[in-house]
1. Cut-off is 10 Å between beta-carbons; in what order do D139, D252, D215, D171 appear when sorted fewest neighbours first?
2. Report the longest stretch of the chain that contains none of the GluC sites (Glu not before Pro) sitting in a DSSP loop with at most 14 other Cβ atoms within 10 Å.
3. Describe numerically, in nm with one decimal, the distance between label points set 7 Å from Cα along Cα→Cβ at S181 and at A216.
4. Shape verdict for region 78-191, please, from the Cα gyration tensor: rounded (a/c under 1.5), prolate (a/b greater than b/c) or oblate.
5. Can you sort C214, C119 so the residue with the fewest Cβ neighbours within 10 Å comes first?
6. Suppose we keep just the DSSP beta bridges with both residues in the chain; what percent of those would be antiparallel, to 5?
7. Let a ≥ b ≥ c be the square roots of the eigenvalues of the Cα gyration tensor of region 1-81; is it rounded (a/c under 1.5), or, if not, prolate (a/b larger than b/c) or oblate?
8. Under the 0.36 nm per residue contour assumption, what length would be gained going from the current alpha-carbon distance of E98 and W298 to full extension?
Amino acid sequence: MASYLKWYNSPEWNKRIEAFSRRLESCDLCPHKCGVNRLEEEKGFCRAGLRPRVASWNPHRGEEPPVSGVRGSGTIFLSHCTLRCVYCQNYSLSQLGEGKEVPPSTLADYYLQLQQIGCHNLNLVTPTHYLPQLLKALDLAIEKGFSLPIVYNTSGYERKEIISELEGIVDIYMPDLRYCSNQCASQFSEGEGYVENSQAALKEMYRQVGGLQCDASGIAYRGLLIRHLVLPGHISESKKAMAFISDELGSDVYISLMKQYFPAYKAAEYSPLNRMITSQEFEEARQWMEKYNLSSGWVQ
Ligand code: SF4
């Protein structure tokens, strides 16, 4: 059972939803803390407006096996982003804002339709800058029978304070761990203090939900699953990422070690990100995973 069902409609629930909405008046949803009034359509770093902009929504069968399961993960891709990676593979939505603006009531309909199709969960991709609206939609959808566990699918550039407000709402956290040095983070993305923020947020996620837990059919219903994209010429980042997970979290955390990097968006201008990773680099990253005794997860 999704954990929000245990306290939905309580005074605490209503307070939490309202508190998130108030954050839009002086937006501090992510580490940029722009302070813009989103209710007045002022735009901050992420360029997100008041209404959520949805790039696509559908059952996704290409996520990690416990998330996609057999019937797919009910994925909603949100437009805009708080991190602006130079190699973003979804830059048309994250940077150019491709998508359609919808009110929370329409979002709630999407949630319900994904449930009706048979999806195992609701997978919110890059949700942070629209959290108040996504939660408002959740509130509306629950009233109409929505009950899927929520997957929080993020770049990892999060405020710990905001993640702590999601306790009892999100069941499965699926963050990226992109960098473990701020030099790389500022060279290839625009997330000041990425390392401190992401590591504090991941620790909070782990505190809330622990390692990944699956039912008898192998479908995840709770826990933390960390994605790490191996970057060309930066195996030291992969080593530091594995060390952090092993030392600060636990070996029950599932890791998805990904080799699908390709030089998208502006990557051609940022050597060595202007090439694919080599099989030797990926093997080295895999070995670091092994050396740090992180045996749960996938290499893909
Ligand atoms: S969510 Fe957007 S507007 Fe709000 S603090 Fe972050 S970047 Fe700024």
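Values quoted throughout were computed directly from the atomic coordinates according to the rules given, and no laboratory measurement underlies them. Keep in mind the model is a prediction, meaning the values are calculated, not measured. Cβ placement follows ideal geometry from the backbone for every residue including glycine, while neighbour counts extend to all protein chains displayed.
1. Ascending Cβ contact count within 10 Å gives the list D215, D252, D139, D171.
2. The longest uninterrupted stretch comes out as 42-166.
3. 5.0
4. Judged from the Cα gyration tensor, region 78-191 comes out prolate (a/c at least 1.5, a/b above b/c).
5. Taking fewest neighbouring Cβ atoms as first place, the list is C214, C119.
6. So the antiparallel bridges amount to about 30 percent of the total.
7. It is oblate, given that a/c is not under 1.5 and a/b is not larger than b/c.
8. 68.9 nm
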